[in-house]
Amino acid sequence: MVIVNSKEKWSVLQNKIQTENFIYLQILSDVNKHSTENRVSCFYIKTQSEDYIIPVNHNEKFDIIEPIKVDTKISIIDLKSYQHNTFIHSDNVVDLNWNHYVETNEPYDIDNHLTNAHHWYYRTHYDKDNINDIIPLVKHAEYFKKVSDDLTPYLDIQHNQIILEVLSDIEKSGIKTIDGMVYSEYNPYTSTGRPSNRFGGLNFAALNKSDGSRKQFISRFKNGVLVEFDYDAYHPRLIGEKINYQFPNGSVHQHLADTYGLSYDEGKQLTFKYLYGGIKDEIKDNPFFSKVDKYIQKLWNEWKTNKKVVSDIYSREILRKNLPDMNPNKLFNYMIQLMETEKNIETLNKLRVFLEDKKSKLILYNYDAFLFDFDFKQDGLKYLKEVKNILEDGGKYPTRVYMGDNYHEMQEITEKLSV
């Protein structure tokens, strides 16, 4: 391990990584701050012939060094954090943690190799800012080396990383509160691939709608409001498209309730019971659920025969060897969530292109809802109509739209966007 402790050594290393692919691991200064508000304490580089550790804001830094850009491929372990805050930039970046997850259906435990020194400093100085800057550099080097060794087998693998890129963009926007900006942190490394979202003690994926806790979230713009788009009956519509079931115009839940001979509320409850709890014999003759049942059996046969299933949009392989404890309904529920996630990521990627030159920002995505910080004066009503059109994908997935000065007090404006 070479400790880069002079400008001469740094200059030699810069020349080397301009012509050679390498692993780049970094540790940020503050363990409690979001990566968008943080800084690089030190970073590690592994080339074909040598390992290096370079202090940046660490107490053992040799001088002030500036960020650089390389034309070579960089292999990292957290693309979202890297895009928020990095020292070495490249247009060719591969996330080894994502490769590991797609191959094994398990996230890599990046904290597993933290040394006893790390744990001691984190435990005894939990309230100190930038604690990683005072942990001995050799301990960071020890940690980096073990992580690098673990992930080296995933160097020559390349999986679609678009989910990491679009989630990074949402995180970067931040969410304004009455006390200032806060940032969310999506975790796509879940068993089903459906991202969770929490940071700083807030579970952004499960904000209570009725206790007033959403009232703290407001617009950052002088003429701004918050606008949320909610999909209507998203899962039944996604499944309907998959099994080629044509829903009539109007309410999906009312249509299904009519096929049961029940009221809207009773029917909606029963629909979710059958979708997520298993299709009973008494409903298998239902025109919708008979097709759902056939799809579940088809999925299960693929699982047993091919030892895998493949997702529709990004062709992600879900391998039987990684999920041995499976049954037909569990596999179906797994695929529903993956279907939802991939469709959302495809939509978010389209939104990302549309939002590039707009002032308003997409600040939160939760499964079937998208929250925007909307600058009415700058972007106007046309912006909301275009967002609605992108989300609804030609009318296949209708949305309800709500607007408010804060996230708790929202009024429906769906009809106003239909004019």
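With the cut-off at 1.5 for a/c, could you classify the stretch 33-79 from its C-alpha gyration tensor as rounded, prolate or oblate?
The shape class here is oblate.
Taking the 0 to 90 degree range and rounding to the nearest ten, how far is the long axis of helix 137-151 tilted relative to the main principal axis of the chain, both from C-alpha atoms?
Between helix and principal axis, roughly 50 degrees.
Please compare each pair in K69/K350; K146/K307; K139/K321; K145/K308; K61/K139; K69/K222 to a cut-off of 25 Å on the Cα-Cα distance and tell me which ones are over it.
Cα-Cα > 25 Å for K69/K350; K146/K307; K139/K321; K145/K308; K69/K222; rest within.
Answer rounded, prolate or oblate for the stretch 273-374, using the Cα gyration tensor with square roots of eigenvalues a ≥ b ≥ c: rounded when a/c is under 1.5, else prolate when a/b is larger than b/c, else oblate.
prolate
Can you spot the lysines whose alpha carbon is less than 17 Å from K33's alpha carbon? Ignore those fewer than 8 places along the same chain.
The qualifying lysines are K80, K128, K172, K176.
When Lys and Arg each count +1 and Asp and Glu each count -1, what net charge do the other residues less than 14 Å away from S168, Cβ to Cβ, add up to?
My count for the surroundings of S168 gives -2.
Check cross-link reach from K268 to the lysines: straight Cα distance under 28 Å, and skip same-chain residues fewer than eight apart.
Within reach: K209, K242, K280, K284, K291, K294, K298, K330, K343, K388, K396, K416.
What share of the DSSP beta bridges in the stretch 2-159 is antiparallel, in percent to the nearest 5?
55 percent
Put a dot 7 Å past each Cα toward the Cβ at A369 and D109; how far apart are the dots in nm?
For D109 paired with A369, the spin-label model returns 3.4 nm.
Using a Gaussian network model on the chain with a 10 Å cutoff between Cα atoms, which of Q14, Q26, Q48 fluctuates the most?
Q48
Under the definition of Cα pairs under 8 Å and six or more residues apart, what whole-number percent is the relative contact order of the chain?
Here the relative contact order equals 15 percent.
Just to be sure I understand: with springs between alpha-carbon atoms less than 10 Å apart, which residue in Y126, Y143, Y367 has the highest mean-square fluctuation in the Gaussian network model of the chain?
Result: Y126 has the largest fluctuation of those listed.
What do you get for the angle between helix 287-306 and the principal long axis of the chain? Use alpha-carbon atoms, 0 to 90 degrees, nearest ten.
Long axis of 287-306 versus the principal axis of the chain: about 40 degrees.
For the chain, modelled as a Gaussian network with Cα springs under 10 Å, which listed residue fluctuates most, D133, D293, D63?
Greatest mean-square fluctuation among the candidates belongs to D63.
Tell me the angle of helix 7-17 to the major Cα principal axis of the chain, expressed in degrees between 0 and 90 and rounded to the nearest ten.
Taking the Cα atoms of the chain, the angle to 7-17 is about 40 degrees.
Taking a ≥ b ≥ c as the square roots of the eigenvalues of the Cα gyration tensor of the stretch 2-159, is the shape rounded (a/c under 1.5), prolate (a/b larger than b/c) or oblate?
In terms of gyration-tensor shape, oblate.
What per residue convex hull volume, in Å³, comes out for the chain when only alpha-carbon positions are used?
Given the Cα convex hull of the chain, per-residue volume reads 168 Å³.
Every number here is computed from the coordinates shown, using simple stated rules; none is lab data. Since this is a predicted model, take the numbers as computed values, not measurements. No Cβ is skipped: glycine too gets one built from the backbone with ideal geometry, and neighbour counts run over all protein chains shown.
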